[in-house]
Amino acid sequence: MKKILYIEDELSTNIPRIINFFQKYLGLKQIKKLNEWLDDDFGPTNKEIEYCINASNVIEVSSKFSDALEKVILHYEDYCLFIVDRNLADNDYHIDEIKSIDSNFSDEIHERYYGREGDYLFLRLFGKIDLLSQFYFLSAYPVEDELRSADEVRGLIDVNNFSRDNYIEKGNYSNIRKLQSIVDNIKSISIELENKSYCDIIKRYCGDVKYNELLALLSNDESTDNNLVTIRRLYESLLTNYYLRNEIKIGNKRDDSDYIQCGEVFKWIIKWDRNSKEYINVNCNPIFEKFGNCIYMLTSMYGAHSQNSATDNPVTDDSIDALISMLKYIIIWFGDAMKDSD
C-alpha cells in the first residue's frame, strides 16, 4: 500500500492536529496513546510519536530532515501523499549527514534552505511525482508571506505545476479542513482498506504483480476489455498457485510445454463423487463451482480468448462488478484452502 508521508519536526506540540488529520487511519489504541501524551507533563519524544503513528501502516512520519530526505530520494514511490512542514530546522541536523544522503547538497544549499528545508524536499520531488495533487506544505504564515522567500516554488506555480492552494496555513481552520478532506478521501488507500482481506491473500500467495493488478481492477482504472483480461489472469493465478501447492495430490495437469492447464485444475477441484453425492475435494462447494464456471465462460467469450469483444450483448459495468464479486469469493476460498495446506 502506498502511504501518506508526514514530515514535521515538532511532533509533540502538534498531537491534536495529528489526531485530526489522521484519525480515520489510526487505531483506537494509537489515538488513546496520543491523547494520554497530551496530559503528560514530560511528553513523548519525536521517536515515540513516530513509532506510534507508523504502526498504522498507512501514515509514515519523519521528524528529522535527514530521514525525510532519504525517503524522498530513495523511496518516493512508496507514498501517495506528502504533507511537509516548511521549516524543519528545530530538529537539529548536521550537514555532513545530509551530504551522505544527497551528494548534491552543499554548504551553499544548506545556507540557502536553512529554515525552509521543506522547499528543498519539494524541489527534490520535482519531476518524480505530481506535485499539484500529491504535495502540501504546512506553513506558519499566510501563503503570500511564505512565497516571498520561495522563488523556485513561485516559478512552478506560474506554470501550473503547483498552486497557492497547496499551502496549508496551520492557524487557518478552512485550510486545515480542506487538507483533512483530502487525507480522508485518498482513493487508493480507501480501496485497499475496504478490500484488505482480498489484497492480503493475493499479495501473500500470488505476489506483488497480481496484487497490483487486483488494486487496478478494484480502482476501476481500466477499460471493460482490460478488466475482463485482468479478472481472467487473477482467476488463473489462483488456480495455478493452488496447483503448485497441491501438485502431488492433484497429479500431472501440465501440457507438453510444461504449462499448467488451469481448466484441468478446476475440473479436479470440482470433481463429484456420484456414490457419496459429495465433492471429492473437501474444499469445494457449489458456489465455488458456479462462480468459477461463470468467470471462465464470460472472460472467454468477451475477454481473454475472444477474437472480438464487440457483440450484440456488450459487457456492462454491472456485469464487471458481478464478476469482481465472484472473484472476491474465490479469493477467500483460495486463501482458506491455502491455509489448510500450510
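The values are calculated or read from the model by the stated rules, or taken from the named source; none is laboratory data. Bear in mind that the values here come from a model prediction, so they are computed numbers and not experimental data. All Cβ positions, even for glycine, are placed from backbone atoms using ideal geometry, and neighbour counts span all protein chains on display.
Observations, loosely collected:
- Flag for E50 being in contact with a Ser or Thr (Cβ under 9 Å, 6 or more places away or on another chain), acidic (D, E) and part of a helix (DSSP H, G or I): yes
- Taking the criterion of being within 24 Å of N14 (Cβ to Cβ) and not in a loop (DSSP other than H, G, I, E, B), the residues of the range 98-121 that qualify are I98, Y113, E117, G118, D119, Y120, L121.
- One residue from W268, W272 being closer than 20 Å to S341 by Cα and in the same structural domain as L327 (by TED's automatic domain parsing): W268
- Scan of the range 31-70 for residues that are crowded, with 19+ Cβ neighbours inside 10 Å and among the hydrophobic types (A, V, I, L, M, F, W, C), ordered by number: L34, I49, C52, I53, V58, I59, V61, F65, A68, L69
- Residues in the range 173-194 that are closer than 21 Å to S237 by Cβ and without any contact (Cβ under 8 Å) to a residue 60 or more places away in the chain: I191 alone.
- Number of the condition not met by S133 [criteria: (1) modelled with pLDDT under 95; (2) surrounded by fewer than 20 Cβ atoms within 10 Å (Cβ to Cβ); (3) closer than 27 Å to S188 by Cβ]: (1)
- Number of positions in the range 215-248 that are buried (at least 21 other Cβ atoms within 10 Å of the Cβ) and without any contact (Cβ under 8 Å) to a residue 24 or more places away in the chain: 2
- Matching option when the condition is at positive phi, surrounded by 12 or more Cβ atoms within 10 Å (Cβ to Cβ) and more than 19 Å from the chain's Cα centre (by Cα), among G207, G115, G127: G115
- Positions within the range 208-223 being within 21 Å of N241 (Cα to Cα) and among the hydroxyl-bearing types (S, T, Y), in sequence order: Y211
- Applying the condition of being surrounded by 12 or more Cβ atoms within 10 Å (Cβ to Cβ) and without any contact (Cβ under 8 Å) to a residue 40 or more places away in the chain to the range 146-159 and asking which residue is nearest to N172 (Cα to Cα) yields L147.
- Some residue of the range 286-295 being part of a loop (DSSP other than H, G, I, E, B) and acidic (D, E): no
- Cross-chain or 6+ apart pairs with Cβ under 6 Å, the range 315-342 first and in contact (Cβ under 8 Å) with a residue 12 or more places away in the chain, then among the charged types (D, E, K, R): S341/R245
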